[in-house]
1. Sorted by accessible area (1.4 Å probe), largest first, how do Glu121, Glu204 line up?
2. Protein chains only, probe 1.4 Å: how do Tyr133, Tyr144 rank by accessible area, largest first?
3. Equivalent-ellipsoid semi-axes (√(5λ), Cα gyration tensor) for segment 116-156, whole Å, largest first?
4. With every protein chain in place, what's the accessible area of Asp61 (1.4 Å probe, Å², nearest 10)?
5. Once ligands and nucleic acids are excluded and a 1.4 Å probe is used, how much of Lys223 is accessible, expressed in Å² to the nearest 10?
6. Report relative contact order for segment 1-122 in percent, whole number only (criteria: Cα-Cα under 8 Å, sequence separation at least 6).
7. Over the heavy atoms of Lys86, what accessible area does a 1.4 Å probe trace out, to the nearest 10 Å²?
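The values are calculated or read from the model by the stated rules, or taken from the named source; none is laboratory data. This one's a predicted model, so the numbers in the text were calculated from it and none came from an experiment. Please note that ligands, DNA and RNA were not included when accessible areas were found on the heavy atoms of the full protein model with its side chains. Shrake-Rupley method; radii C 1.70, N 1.55, O 1.52, S 1.80 Å.
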Amino acid sequence: MALIGSDVPAKEAEIGLVDGIFTRIQSRESVSVGLSTFMIDLNQMAQALNSSSDNSLVLIDEFGKGTNTVDGLSLLAASISHWLQKAPVDVPHILLATNFHSLLQLGLLPSSVLLSLLTLETAVDGDELVFLYQLKEGICQSSYAANIALLAGLPAGLVQRGLEGGPSDALITHHQRSRQSGFSVCEQIDVHMGVTDRCRSVVEKFLSLDLEDKDLDLQHFMKEELLPSAGEVLSHR
């Protein structure tokens, strides 16, 4: 804020110089530019990835939300990993905000001393969500989507129905299917855990690939690893 001439809401601050500010914060789709919102997002990230230096400031908010969840999550994980795998002296100053909790739950990021996990402190009083505007170490344990939906004015009955149509109904449906198929719930869980482990293994292998290696046979990987795993997942639906 100080570098662009804005007031800094602090009693005092030590602010170093940066050679550029790169942002992926807000995109608006317009027919005048002939680009979708997602393409605009990608262009902004490309600028940050290709042009930032160790003295640059990079601000990223909710990158990856303009496409399906898997692709968006993958692109975000790959972008962060690109920076984390660099030498510390070559990494720009990055502030990133995301609601992709799976980024950490699935272990998609390499361990690094450069990575700090922070969240904003909140308090819940009954159905009321209170923002305390205090930054603390850790990760957010909930999206608080239902609370925020109520704050935005969505009808309470609609929000409640949304909650009822979530994990609880999914568990009931899963139990009913288990009874119809003749398998116990435990047997069904064992099968799905096996599929999950298989998918995790494929993801880990893909992340370990060097996509810049000219000798990499990506078609072989797709045929031998990805397609069999996809077939296994579909057969257990």
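1. Values: Glu121 65, Glu204 110 Å².
From most accessible down to least: Glu204, Glu121.
2. On the way: Tyr133 175, Tyr144 60 Å².
Heavy-atom accessible area, descending, gives Tyr133, Tyr144.
3. Values: eigenvalues 98, 20, 12 Å².
Its equivalent ellipsoid spans semi-axes of 22, 10, 8 Å.
4. Using a 1.4 Å probe on the heavy atoms, I get roughly 60 Å².
5. 140 Å²
6. On the way: 128 pairs, mean separation 27.7, N = 122.
Once normalised by length, the contact order is 23 percent.
7. 70 Å²
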